[in-house]
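Only one structure is covered here, and it is reproduced in the block below.
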Amino acid sequence: MMKMRRLTGLLLTVILAVLLPAEAFAAAIVQLTPTIKASFDKTVAAADASTKGRLTNLYAELAMLQTQYDSREEKIRVVHYNNEQALIGVRKQIREIDAGEVSQLEAQTKSMKERYQPLFDQYSSLNRRISIARSLKDKTLNSVLQAQGDAMKVMVQLARENIRDKEARLKAAKEIRSKKIAAARKTLAGIENYQIGIKSEKSVVTALNKRLSADWSSFKSAIRKPNPAIASQSLSSLVSMFRQIAASKQKIMELEQKISVVIETTKIQVAH
C-alpha cells in the first residue's frame with residue numbers, strides 16, 4: 001500500500017510537470033496539506049522555545065506567500081489572456097487601415113480604364129486607317145479620317161487625364177495607408193522589450209522552482225523525523241525563494257500591464 005501511494009505521488013508530480021508551465025510550478029511543488037501540517041506541528045512540539053517561534057512564523061509566512069502566489073498567478077493569466085486577444089484585434093485593425101478607401105479607389109480606377117478602353121481601341125483603329133489612307137494617297141479619305149482623328153484625339157486626351165488623376169489619387173491613398181500602417185506597427189513594437197523582460201523573469205522563476213523542489217523535499221524529510229533545526233533551515237530557504245518568485249511575478253504583472261498600455265495606445269492611433 002505504501003509503495004502504491006509513493007508511485008501515485010510520483011506519477012502525479014510527473015503529470016503536473018508536463019501540464020503546468022515551468023514558471024507556474026511553485027504552487028504545485030509546495031502543498032501545505034493537513035498531513036504536512038500535522039507533521040509540522042509535531043516538529044514544532046519537539047523544538048526549543050526559540051526554534052518554535054521561528055518555525056511558526058516561517059510556516060505562517062509561507063502559507064501567506066503561497067496564497068498571494070495563487071492570487072497573483074490568476075491575475076497574470078487574466079491580463080496575459082486579455083493582451084493576447086487585444087493583440088489579435090489590433091493587428092487586424094492595422095491590416096485594415098484605410099483598406100476600404102484603397103479598395104474603392106482601385107475598383108474605380110479599374111472601372112474607368114474598362115469604360116474608356118473601347119474609345120482607345122477605336123482611336124488606335126482610326127489611326128491605322130489614317131496611316132493606310134496616307135499610303136494610298138487618297139486625299140479625300142485622308143481628310144475625312146484626319147478630321148475624325150482630331151475630334152477623337154481630344155476625347156482620348158481627356159480620358160487619359162481622368163485615368164491619370166484617378167491613378168494619382170490611388171497612389172497617394174496607398175502611400176498614406178503604408179505610412180499609417182508603418183507608424184502603428186512601430187508603436188506596437190514597443191511591446192517587444194516588455195516581452196523580453198517577461199521571458200527573462202520567467203527564466204528566473206523556473207530556476208527558483210528547481211531549487212524550491214529540493215528544499216521542499218528536505219523540509220518534508222525533516223518534519224517526518226522530526227528534525228526542528230533542518231526543518232527551520234529548509235523552511236527559511238522556501239520562504240526566501242517564494243519572496244523572490246513573488247518579486248519576479250510582480251515584475252511580470254507590471255510588464256503585462258505596460259503591454260496593455262502600448263496596445264491601447266496603438267488602438268487609439270489606428271482609430272485616428
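No value in this document is a laboratory result; all are computed from the given coordinates. As the structure is a computational prediction, the values presented were derived from the model and not from experiment. When we count neighbours, we look across all protein chains shown, and the Cβ atoms used for this are built from the backbone with ideal geometry, even at glycine.
Assuming R0 = 45 Å, can you tell me the calculated FRET efficiency for the pair residue 115 and residue 88, based on Cβ-Cβ distance, to the nearest 0.05?
Given R0 = 45 Å and the Cβ-Cβ separation, E is 0.65.
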Inset, instruction - Write down the Kirkwood hydrodynamic radius of the stretch 41-134, to one decimal in angstroms, obtained as one divided by the mean of 1/r over all alpha carbon pairs. - result: 21.5
Inset, instruction - Would you work out the relative contact order for the chain, in percent, from Cα pairs under 8 angstrom that are 6 or more residues apart? - result: 37
Legend entry - Taking the C-alpha atoms of the stretch 132-261, convex hull volume expressed per residue in Å³: 158
Inset, instruction - Choose one answer from 78, 156, 204: the residue with the largest mean-square fluctuation in a GNM of the chain with alpha-carbon springs under 10 Å. - result: 156
Inset, instruction - Could you bin all the Cα-Cα distances of the chain into 10 Å bins starting at 0 and give me the percent of pairs in each, rounded to whole numbers? - result: 6, 18, 16, 12, 10, 9, 7, 6, 6, 5, 3, 2, 0
Inset, instruction - Starting from the eigenvalues of the Cα gyration tensor, five times each then square-rooted, give me the equivalent ellipsoid semi-axes of the stretch 148-225, largest first, whole Å. - result: 75, 10, 6
Legend entry - Charge dipole (the chain, unit charges on Cβ, about Cα centre) - positive-most of 242, 230, 126: 126
Inset, instruction - Restricting things to alpha carbons, tell me how big the stretch 25-96 is in terms of Rg and Dmax, in Å. - result: 21.0, 71
Legend entry - Dipole moment magnitude, nearest 20 debye, the chain about Cα centre, only Lys, Arg, Asp, Glu C-beta charged: 600
Legend entry - FRET efficiency, residue 103 to residue 75 (Cβ-Cβ, R0 45 Å, nearest 0.05): 0.60
Legend entry - Calculated diffusion of the stretch 78-187, Stokes-Einstein form, Kirkwood radius summed over Cα pairs, 25 °C and 0.890 mPa s, µm²/s: 137
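So if each residue of separation counts as 0.36 nm, and I subtract the Cα-Cα distance between residue 195 and residue 52, what length gain in nm does that give?
Working it through step by step, the gained length comes to 47.1 nm.
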